[in-house]
Amino acid sequence: MAYNKFKGLGIALVTPFNPDGSIDFDSLARLVEYQIKGGIDFFCIMGTTAETPTLTTEEKKILKNFLVEHIAGRVPILMGCGGNSTAGVLNDLRTNDWTGIDGILSVCPYYNKPSQEGLYQHLRAIAEESPVPVVLYNVPGRTGVNMTAETTLRLANDCENIVAIKEASGNITQMDDIIKNKPANFDVISGDDGITFPLITLGAVGVISVIGNALPAEFSRMVRLALKGEYSSSLTIHHKFTELFKLLFVDGNPAGVKAMLSEMGLIQNQLRLPLVPTRLNTMEKISQIVRELGY
């Protein structure tokens, strides 16, 4: 039976770019070391925050191999592998090299808005084909369709290779329903930094985080305290980040966290169209918070 390795603080890793638009591998290597030193538990690569839709097929292969080499088994790697064509995802699963990858994150199909039965059949087919464990990804704000708790639980009970869900529906009641009724070998992972603390108190096992790119030590401490049941100390840290949670997403993701990382001197503030950097007033507020944090 498949086992969920993706607990604690996972990083939705950004892709640093150079001013000419090429991938900045030097900054990426430094960022990986910074986050591992900060105590993160796993990486999530090739997700939304990585600007994956703007990467070419060849770049994805090079990036995956680079990250596997540099992470070198020190923490597990969850890799995005999803889409709105079931046949296309199944072909990727059959033909891609999954060496060094511990699991895939598969998003609900976007744009074509399948029914709940369509979601079930799509994700079940992926689970049956995948050579590694599968983490479901429900993010209706991006896909246009919400996977209900009923569908999630049906997949969790029917597919041994599905080990968790990254829940980013924003619906605490739905998430609690999944946690309450899930099988023992299935976990819920927060997909939103801002609700990670309350979700862990309900039984979630961690988060796939955007803010963790910039503040791995601080955010991993909050997550670990919450997982140990030390809620008062964890809540204090959570409240320190309240303004930042909003600020990093006001101009879209990963524009906010890339602005913060550039202010910290870790990467250049470069994105690929159609994404653009944060507005000047947002940048100024982020810069102020970075100074207050002592970076």
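In vacuo Debye scattering of segment 203-282, one point per C-alpha: log10 I(q)/I(0) at q = 0.12, 0.21 Å⁻¹?
Values, matching the q order: -0.39, -0.95.
Report, in debye and to the nearest 20, how large the dipole of the chain comes out about its Cα centre when Lys and Arg carry +1 and Asp and Glu carry -1 on their Cβ.
Details: 26 positive and 31 negative charges, 68 e Å.
In total the dipole reaches around 320 debye.
Once the Cβ-Cβ distance between D97 and E150 is put in as r, and R0 is 30 Å, what FRET efficiency do you end up with, to the nearest 0.05? Show your work: numbers first, answer last.
Numbers: r = 36 Å, r/R0 = 1.18.
My answer for the efficiency is 0.25.
List the longest stretch of the chain that has no exposed loop site; here a site is one of the trypsin sites (Lys or Arg not before Pro) assigned by DSSP to anything other than H, G, I, E or B, with at most 14 other Cβ within 10 Å.
Details: sites that count: R74, K228, R272, R279.
The longest such stretch corresponds to 75-227.
Give, rounded to the nearest 20 debye, the magnitude of the charge dipole that segment 119-173 has about its Cα centre when Lys and Arg contribute +1 at Cβ and Asp and Glu contribute -1 at Cβ.
Details: 4 positive and 6 negative charges, 44 e Å.
So the magnitude is around 220 debye.
For the chain, build the charge dipole from Cβ charges (+1 Lys, Arg; -1 Asp, Glu) around the Cα centre, then report which of V145, T54, G294 sits farthest towards its positive end.
Highest projection toward the positive end goes to G294.
Magnitude of the Cβ-charge dipole of segment 92-237, K/R +1 and D/E -1, about the Cα centre, nearest 20 debye?
220 debye
If a paramagnetic tag sat 7 Å from the Cα of F66 along the Cα-Cβ line, which residues of segment 192-218 would have the backbone N under 19 Å from that point?
213-214
Quick one: Karplus J couplings for segment 140-153, per residue in order, coefficients 6.51, -1.76, 1.60, θ = phi - 60°, nearest Hz, x for Gly and Pro?
For segment 140-153, the Karplus curve yields x, x, 9, 8, x, 9, 9, 7, 6, 4, 4, 5, 4, 5 Hz.
Once phi is turned into θ = phi - 60°, what whole-Hz ³J(HN,Hα) does the Karplus curve with 6.51, -1.76 and 1.60 give for every residue of segment 89-105, x standing for Gly and Pro?
My calculation for segment 89-105 gives 5, 4, 5, 4, 5, 6, 9, 6, 8, 9, 4, x, 9, 8, x, 10, 9 Hz in order.
If you build the convex hull over the alpha carbons only and average its shadow over all orientations, what do you get for segment 8-228? Give it in nm² to one decimal. Let's see the in-between values first.
Values: hull surface 45.4 nm².
Average projection, Cα convex hull of segment 8-228: 11.4 nm².
Which log10 I(q)/I(0) values, to two decimals, does segment 96-201 give at q = 0.17, 0.19, 0.24 Å⁻¹ under the Debye formula with one point per Cα?
Cα-only, vacuum Debye calculation for segment 96-201: -0.75, -0.94, -1.41.
I need the semi-axes of the equivalent ellipsoid of segment 55-113: take the C-alpha gyration tensor, multiply each eigenvalue by 5, square-root it, list largest first in whole angstrom.
Details: eigenvalues 103, 31, 21 Å².
That gives 23, 12, 10 Å for the three semi-axes.
Residues of segment 119-135 with the amide nitrogen closer than 13 Å to a label point 7 Å from the Cα of N112, along Cα-to-Cβ, please.
Residues 119-123 qualify, since their backbone N sits under 13 Å from the label point.
Laboratory data are not the source of any read-out in this text; all were calculated from the coordinates shown. Because the structure is predicted, anything quoted here is derived from the model rather than measured. So basically every Cβ, Gly included, is an ideal-geometry build from the backbone, and we count neighbours across all protein chains shown.
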